[in-house]
């Protein structure tokens, strides 16, 4: 089982403690026991500000058992189609970045599921993607 991890889960773990921290840690531990944990380069970029250097970030990711998996050209069409569908369906689309849709497309192609707290639009625009939400 390969689990892609969204940036909000990692920020729950590495950022300031909150009510989401313990459930995120437990969910990541559970997913790690079931298989590999991966992140996309976008997730790596979104959490980079929490580290003083790239070396520190790389060390933390390694210690957490996370691998960064590059995008492929096959990821882009899925992300682009989902993003266009989102923009066309919404009368007043939220200022979601294409990056969110790249995270979903990456997870759909490279993992069995995505661990995130932003489950709504992933379920809508990536209906075949299994979502794992920390409890």
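In the range 11-26 there is no residue that is modelled with pLDDT of 95 or more, closer than 17 Å to residue 114 by Cβ, in contact with a strand residue (DSSP E or B) (Cβ under 6 Å, 6 or more places away or on another chain) and surrounded by 12 or more Cβ atoms within 10 Å (Cβ to Cβ). Check whether at least one residue in the range 85-96 is out of contact with any strand residue (DSSP E or B) (no Cβ under 8 Å at 6 or more places or on another chain), more than 27 Å from residue 13 (Cα to Cα), crowded, with 17+ Cβ neighbours inside 10 Å and at pLDDT below 95, and report yes or no. Within the range 85-96 (the criterion being out of contact with any strand residue (DSSP E or B) (no Cβ under 8 Å at 6 or more places or on another chain), more than 27 Å from residue 13 (Cα to Cα), crowded, with 17+ Cβ neighbours inside 10 Å and at pLDDT below 95), the answer is yes, since at least one residue qualifies. Condition check for residue 107 on (1) within 17 Å of residue 2 (Cα to Cα); (2) surrounded by fewer than 18 Cβ atoms within 10 Å (Cβ to Cβ): one failure, at (2).
Take the conditions (1) closer than 17 Å to residue 8 by Cα; (2) modelled with pLDDT under 90; (3) exposed (fewer than 12 other Cβ atoms within 10 Å of the Cβ); residue 99 misses just one of them, which is (3).
Taking the range 1-120 and the helices (runs of 4 or more DSSP H) fully enclosed by it, the elements with 3 or more residues that are without any contact (Cβ under 8 Å) to a residue 60 or more places away in the chain, farther than 14 Å from residue 131 by Cα and over 12 Å from the mean Cα position of the chain (by Cα) are at 21-34, 54-63, 75-89.
Scanning the range 121-132 for residues that are without any contact (Cβ under 8 Å) to a residue 60 or more places away in the chain and surrounded by 12 or more Cβ atoms within 10 Å (Cβ to Cβ) yields 121, 122, 123, 124, 125, 126, 129, 130, 131. Apart from one condition, residue 75 fits all of (1) surrounded by 11 or more Cβ atoms within 10 Å (Cβ to Cβ); (2) more than 16 Å from residue 107 (Cα to Cα); the exception is (2).
The values are calculated or read from the model by the stated rules, or taken from the named source; none is laboratory data. Every value quoted in this text rests on a predicted model; they were computed, and no experiment measured them. Virtual Cβ from ideal backbone geometry, glycine too; neighbours counted across all protein chains shown.
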